[in-house]
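Undergrad: The structure is given below, and queries will be raised subsequently.
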Amino acid sequence: MRGRSLLLTASAVFIATAASVFAASQPVDRVRVADVGGALTADLPPTVFVSLAPPADYVRNAASAEHGDWTGPEYWASGKRDQGGRASISWTIRFDNRSPGSEAAARAGQIRSWGETLHGGVSVPHVVLGRQVGTIDGDFVLAVAAGASNASHELAMAFAVAPHLYAVVDFLLTSPAASSAGAAGEYLVLGSIPASTWNRGQALRAMTGVHVEGNLPPTRISAKATSDGRVLHGILADAFRHPVIRTPVMLESLRAGSWRKVTSTRTDFTGAYSIRIGRRAEYRVVAGLGRASIASVAVRAGRPQS
């Protein structure tokens with residue numbers, strides 16, 4: 001998204017952030033990342049999900065590990081009420097560690113070879129235990145099927161869930177498929193909204209319902225002693241500098257050339273921890289989540305021996 005229209009990016013960020021409050025009350029499809037990415041996502045904790053909330057006028061219809069369908073409101077021909085059906089959205093998720101960035105991953109994630117009408121940046125909320133701890137930058141590409149009367153749209157979006165690993169979500173809107181109903185006029189959703197306009201808008205709305213849920217693997221942990229040397233404190237964070245919250249951290253001391261556990265605690269809702277220490281020694285703090293483990297630098301602290 002770097003180097004593109006700042007106005008478009010800012011708008012997408014605003015929409016995604018505002019939608020986070022709305023999506024919290026909607027029934028969602030939750031994809032456990034470790035279950036669907038194979039070897040690509042095996043190192044991510046089993047508590048990490050990508051959640052997808054349907055737009056307000058849609059309901060969940062069916063879902064598997066990597067695919068889902070949402071059914072929307074009725075549409076019909078302007079000149080023939082009984083000619084029509086129901087709007088729908090289908091979604092698919094996969095993971096990409098080959099693309100050089102989220103924009104390339106979004107383009108590579110498109111299922112149909114349709115003409116692009118819009119692309120830009122998106123900010124995906126990262127939520128842990130019901131709290132938004134940050135956002136993850138990504139990109140989207142919106143395309144429309146060829147033909148003046150075609151109403152089908154596709155939106156592919158991509159965002160990182162780890163360094164150089166992108167979640168790619170593709171939304172396909174193929175019902176209503178046509179704008180024109182021939183001699184019966186034009187297809188209108190809810191009796192008033194042109195089919196193509198509706199699908200375009202709902203593709204963008206579907207994008208704003210995507211969240212990342214759960215603590216991502218910690219990649220950094222700080223450790224600093226208080227001025228009296230009796231407390232060690234710091235912050236645990238992931239690769240996006242989001243706090244890793246309510247997660248165990250272990251205090252270790254160096255004894256006879258090896259690190260040994262002293263005690264443990266948990267980070268708070270800001271990713272911070274604080275541990276009281278005893279006699280003066282070399283200390284470090286260790287944290288792990290899933291297959292990831294990280295240790296702080298060693299700090300000499302504690303009460304001086306008398």
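The values are calculated or read from the model by the stated rules, or taken from the named source; none is laboratory data. It should be emphasised that the depicted structure is a prediction, and the values quoted were computed from it without experimental measurement. Counting neighbours? That spans all protein chains shown, and the Cβs are built from the backbone with ideal geometry, glycine included. To get the accessible areas, we keep the full protein, side chains included, count just its heavy atoms, and leave off ligands, DNA and RNA. Shrake-Rupley method; radii C 1.70, N 1.55, O 1.52, S 1.80 Å.
Undergrad: Given N residues in the chain, what is Rg(Cα) / (2.2 N^0.38 Å)? List each step's numbers first, then the result.
TA: Values: Rg = 24.3 Å, N = 306, 2.2 N^0.38 = 19.4 Å.
Computed over Cα atoms of the chain, the ratio equals 1.26.
Undergrad: Taking a point 7 angstrom from the Cα of S78 along the C-beta vector, which residues in segment 187-218 have backbone N less than 20 Å away?
TA: So the set is 187-202.
Undergrad: Take the solvent-accessible surface of the protein heavy atoms, probe 1.4 Å, and return the percent of it on the chain that carbon and sulfur atoms account for. Intermediate results must be reported in sequence, preceding the final value.
TA: On the way: 7210 of 14020 Å².
Heavy-atom surface of the chain belonging to carbon and sulfur, 1.4 Å probe: 51 percent.
Undergrad: Mind putting together the pair-distance distribution for segment 223-306? All Cα pairs, 10 Å bins, whole percent per bin, short to long.
TA: That works out to 18, 52, 25, 4, 0, in percent per bin.
Undergrad: Taking a quarter of the surface of the Cα convex hull of segment 36-146, what do you get in nm²?
TA: Details: hull surface 38.6 nm².
Projected area, direction-averaged: 9.6 nm².
Undergrad: Suppose all protein chains stay in the model; what accessible area per residue would a 1.4 Å probe give for segment 224-283, in Å²? Please report the intermediate quantities before stating the final value.
TA: Details: 3200 Å² over 60 residues.
Accessible surface, normalised per residue, equals 53 Å².
Undergrad: Can you find, among Q83, Y58, L129, the residue farthest towards the positive end of the dipole of the chain? Put +1 on the C-beta of Lys and Arg, -1 on that of Asp and Glu.
TA: Towards the positive end, the residue furthest out is L129.
Undergrad: Also: Counting residues in segment 92-138 as N, plug N into 2.2 N^0.38 Å and put the Cα Rg over that result. Kindly include the intermediate steps, with their values, before the conclusion.
TA: Details: Rg = 13.3 Å, N = 47, 2.2 N^0.38 = 9.5 Å.
The reported ratio for this selection is 1.40.
Undergrad: Need one value: the accessible area of K224 in square angstrom, 1.4 angstrom probe, rounded to the nearest 10.
TA: K224 has an accessible surface of roughly 130 Å² with all protein chains in place.
Undergrad: To continue, here is another question. What angle, in degrees between 0 and 90 and rounded to the nearest 10, separates the Cα long axis of helix 195-208 from the longest principal axis of the Cα atoms of the chain?
TA: Orientation of helix 195-208: about 10 degrees from the principal axis.
Undergrad: Largest first and to the nearest Å, give the Cα extent of segment 137-180 along each principal axis.
TA: Principal axes ranked by extent give 45, 15, 12 Å for the Cα atoms.
Undergrad: To continue, here is another question. What Kirkwood Rh does segment 132-211 have if only Cα atoms enter the pairwise 1/r average? Answer in Å.
TA: Numbers: mean 1/r = 0.0715 Å⁻¹.
14.0 Å is the Kirkwood radius here.
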